[in-house]
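Below: the structure, in structure tokens.
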Amino acid sequence: MSKPKIGFYWCASCGGCEEAVVDLAEDILPVVEAVDIVFWPVALDFKRADVEAMPDNEMAVCFINGAIRTSEQEEMAQLLRAKSQLIVAFGSCSHMGGIPGLANQFVRTDILDRVYYDSQMVVNPDNIRPQEATAVNGDSLSLPSFDGAVRTLDQTVDVDYYLPGCSPPVALIVQAVTAILEGKLPDKGTVLAPDIALCDECSRKESKPDELSINKIRRPFEIEINQEDCLLAQGLPCLGAATRSGCGAACIEGNMPCTGCMGPTSRVSDFGAKALSGLASTITGEEEHDIARRLEQLVDPVGTFYRYSLPMSLLKGRAISDKGAKA
Amino acid sequence: MYSGTTDSEADGFSPRIVAFFCNWCTYTAADLAGTSRKTYAPNVRVVRLMCSGRIDPQFILKAFNQGADGVLIGGCHPGDCHYKEGNFKALKRSMLLQRMLEDLGIDGKRLRLEWISASEGEKVQRVINNMVSDLTQLGPLTLFPGTDGSFEGALQEASPMEHQMEVEQ
Ligand code: SF4
Ligand code: SF4
Ligand code: SF4
Ligand code: FES
């Protein structure tokens, strides 16, 4: 029997998810022996044409990392969907929109203006912009178009499973690949990580009080962080209570608060709203102005609560109607 | 009686408000306003909860996502909450949510929290009429393209980049 064929692809991504695959190190060897990697542009010399030449459903599974922002990424996602029996959204960007998804706070034209004209780092007196088609010596060169929104993979094509995390923890990748090879998969649409909150697997949970009361929200560089106590109890916005476990509380082990890369558990519909609710309730104060003053200490609520999930959220990005609202 | 008219209204815009009212106070007050014929604008869909502290910010975003132009929260006055601190939780959450909404381009007037006791039927009327007039002035809430899942607006906007090519001389 021939080995199952698998592929890896990246869209709007930082490369960290590709690195995670490489990080599998010796853990990847049994996988490599058990499968045929037929597409992995970062590491192996396969081209789009090779994928186009495949019959439909040729690949047992394709892992796609990165969000969707351009026409090319959308076309590749559709192509890989057609050629794969299973599509796994790999990493926070693909799962929830991730860091690139924060760009949904700005409209497309403002992003292009900023990047190609306004930025202090750019000298572009003729305001030259990239074109989708440019004539060069009688030939036409083309570039993908830049969409008006960042989308998650499942807002673009049908997705079978999700491997969460920025980047996904090695143990979860190995588990997922093993389950796929053994055909022991859970229901379609499952996030392949434990469905409990991160606080439950955090080594500091004993020091997390039942009724938290925070009178000052701090940023990590502002204090000397105690290495043993619950970070939230120290005033750092740690999102462990809203976040799915499965990373071994990696950031907390590094003495940094959880920023929520594993996303929500299955019981939450909007990660940011849930995380905001948890943090807001712990703030002390009887008078409105005291509460307001303490809440002001939280810099950048959108970046704090939707760091990885703005495109997946209920609002998806910045509303366009209220011109008067703060820019 | 609610009788003001504005430009937006002349254009046929009538805001939709989702109201989350605590059973023990504001909901009763709204009932009272009804029975004592203190008419308020008919733009409000009321959801009754056992305490304002039960309002999850996810409910509020869901309301906006489903087409609400504004969300009103009504709870017991400080000290009167039947579950002690529920109304304070509601206050803290809505204050932070309001700030985050503004960062996401949604005017703070679209989320309003009021303490209204069971006997203040007149306040229900006043708050609702006032909110309707604020929202009418703001106009309909238009969220980020794609909030309905289609991304139609956003992808259409991604027409060729040529229109960017006005060279500033
Ligand atoms: S999930 Fe994280 S590591 Fe993976 S591509 Fe996105 S930003 Fe990079
Ligand atoms: S809030 Fe953070 S530090 Fe505290 S128990 Fe939860 S994950 Fe651990
Ligand atoms: S602690 Fe939080 S942010 Fe860090 S890896 Fe785990 S889920 Fe991601
Ligand atoms: S019981 Fe009315 S706000 Fe808590």
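The values are calculated or read from the model by the stated rules, or taken from the named source; none is laboratory data. Nothing here was measured: the structure is a model prediction, and the numbers come from that model. Quick reminder, even Gly has a Cβ in these numbers, built from the backbone with ideal geometry, and neighbours come from all protein chains shown. Surface accessibility is based on the protein's heavy atoms, side chains included, excluding ligands, DNA and RNA. Shrake-Rupley method; radii C 1.70, N 1.55, O 1.52, S 1.80 Å.
Residue-by-condition table, conditions (1) open to solvent by less than 40 Å² (accessible area, probe 1.4 Å); (2) on the phi < 0 side of the Ramachandran plot; (3) among the aliphatic types (A, V, I, L, M):
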{"position": "A:ILE99", "(1), (2), (3)": "no, yes, yes"}
{"position": "A:ASN104", "(1), (2), (3)": "yes, yes, no"}
{"position": "A:LEU112", "(1), (2), (3)": "yes, yes, yes"}
{"position": "A:TYR116", "(1), (2), (3)": "no, yes, no"}
{"position": "A:VAL123", "(1), (2), (3)": "no, yes, yes"}
{"position": "A:GLN131", "(1), (2), (3)": "yes, yes, no"}
{"position": "A:THR134", "(1), (2), (3)": "no, yes, no"}
{"position": "A:ASP139", "(1), (2), (3)": "no, yes, no"}
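Whether a residue is touching a helix residue (DSSP H, G or I) at 6+ places or on another chain (Cβ under 6 Å), under 29 Å from A:PRO237 (Cα atoms) and not aromatic (Phe, Trp, Tyr) was assessed, and B:ARG93 passes this test.
To keep it simple, each residue is scored yes or no on (1) within 16 Å of ligand 3 (Cβ to nearest atom); (2) within 7 Å of another protein chain (Cβ to nearest Cβ); (3) surrounded by fewer than 24 Cβ atoms within 10 Å (Cβ to Cβ).
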site: A:LEU236; (1), (2), (3): yes, no, yes
site: A:GLY248; (1), (2), (3): yes, no, yes
site: A:ARG294; (1), (2), (3): no, no, yes
site: A:ARG318; (1), (2), (3): no, yes, yes
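Against the list (1) free of Cβ contacts under 8 Å to residues at least 12 places away in the same chain; (2) in contact with a Gly (Cβ under 9 Å, 6 or more places away or on another chain), the condition B:LYS62 fails is (2).
Considering only the range B:10-32, state which residues are within 14 Å of ligand 4 (Cβ to nearest atom) and either of a type outside the set (Gly, Ala, Ser) or outside the structural domain of B:ARG54 (by TED's automatic domain parsing) (or both). Selection gives B:PHE20, B:PHE21, B:CYS22, B:ASN23, B:TRP24, B:CYS25, B:THR26, B:TYR27, B:THR28. Taking the numbered list (1) at positive phi; (2) open to solvent by 70 Å² or more (accessible area, probe 1.4 Å); (3) assigned by TED's automatic domain parsing to the domain that holds A:CYS62 in turn, A:GLY91 passes all entries but (2). Among all positions in the range B:49-64, there is no residue which is farther than 28 Å from A:ALA319 by Cα and among the charged types (D, E, K, R). The residue that is nearest to B:GLY121 (Cα to Cα), among those in the range B:16-43 that are polar (S, T, N, Q) and touching a Lys or Arg at 6+ places or on another chain (Cβ under 8 Å), is B:ASN23. Of the residues in the range A:181-197, at least one is in a loop (DSSP other than H, G, I, E, B) and hydroxyl-bearing (Ser, Thr, Tyr). Take the residues of the range B:21-45 that are in contact with a strand residue (DSSP E or B) (Cβ under 6 Å, 6 or more places away or on another chain) and in a loop (DSSP other than H, G, I, E, B): which is surrounded by the most Cβ atoms within 10 Å (Cβ to Cβ)? Ranking the qualifying residues of the range B:21-45, first place goes to B:ASN43.
Screening the range A:253-277 for residues that are surrounded by fewer than 24 Cβ atoms within 10 Å (Cβ to Cβ) and among the hydrophobic types (A, V, I, L, M, F, W, C) and picking the one that is nearest to ligand 2 (Cβ to nearest atom) gives A:MET256. Looking across the range A:147-182, the residues that are under 15 Å from A:GLY97 (Cβ atoms), open to solvent by less than 20 Å² (accessible area, probe 1.4 Å) and not hydrophobic (A, V, I, L, M, F, W, C) come down to A:ASP147, A:GLY148, A:ARG151, A:THR152, A:PRO164, A:GLY165.
Looking only at the range B:92-106, how many residues end up being among the hydrophobic types (A, V, I, L, M, F, W, C), in a helix (DSSP H, G or I) and facing chain A (nearest Cβ under 7 Å)? Within the range B:92-106, residues that are among the hydrophobic types (A, V, I, L, M, F, W, C), in a helix (DSSP H, G or I) and facing chain A (nearest Cβ under 7 Å) number 4. In the range A:184-198, the qualifying residues are those that are within 24 Å of A:LYS83 (Cα to Cα) and open to solvent by 60 Å² or more (accessible area, probe 1.4 Å), and the one that is nearest to ligand 1 (Cβ to nearest atom) is A:LYS188. Kindly indicate the residue of the range B:57-79 that is in a loop (DSSP other than H, G, I, E, B), under 14 Å from the mean Cα position of the chain (by Cα) and crowded, with 18+ Cβ neighbours inside 10 Å and also nearest to the other protein chains (Cβ to nearest Cβ) among those meeting that condition. So, considering only residues that are in a loop (DSSP other than H, G, I, E, B), under 14 Å from the mean Cα position of the chain (by Cα) and crowded, with 18+ Cβ neighbours inside 10 Å, the one nearest to the other protein chains (Cβ to nearest Cβ) is B:ASP69.
Suppose we filter the range A:278-292 for residues that are more than 9 Å from chain B (Cβ to nearest Cβ) and either under 21 Å from B:LEU61 (Cα atoms) or surrounded by 13 or more Cβ atoms within 10 Å (Cβ to Cβ) (or both); how many remain? The qualifying residues number 3.
For the range A:16-39, the set of residues classified as within 16 Å of ligand 1 (Cβ to nearest atom), open to solvent by less than 20 Å² (accessible area, probe 1.4 Å) and not in a helix (DSSP H, G or I) consists of A:LEU24 only. For the structure I just gave you, tell me whether A:GLU253 is at pLDDT below 95, more than 20 Å from the chain's Cα centre (by Cα) and either more than 16 Å from ligand 4 (Cβ to nearest atom) or not acidic (Asp, Glu) (or both). Considered against the rule, which asks whether it is at pLDDT below 95, more than 20 Å from the chain's Cα centre (by Cα) and either more than 16 Å from ligand 4 (Cβ to nearest atom) or not acidic (Asp, Glu) (or both), A:GLU253 comes out as no. Each residue in the range A:95-151 was checked for being touching a residue at least 60 places away in the same chain (Cβ under 8 Å), touching a strand residue (DSSP E or B) at 6+ places or on another chain (Cβ under 8 Å) and part of a loop (DSSP other than H, G, I, E, B), and 5 pass. In the range B:89-112 there is no residue that is more than 29 Å from A:THR304 (Cα to Cα), touching a residue at least 40 places away in the same chain (Cβ under 8 Å) and open to solvent by less than 50 Å² (accessible area, probe 1.4 Å).
Only one entry of B:GLU168, B:GLU122, B:GLU85 meets the criterion of being touching a helix residue (DSSP H, G or I) at 6+ places or on another chain (Cβ under 9 Å), facing another protein chain (nearest Cβ under 7 Å) and either open to solvent by 60 Å² or more (accessible area, probe 1.4 Å) or modelled with pLDDT of 95 or more (or both), and that entry is B:GLU168.
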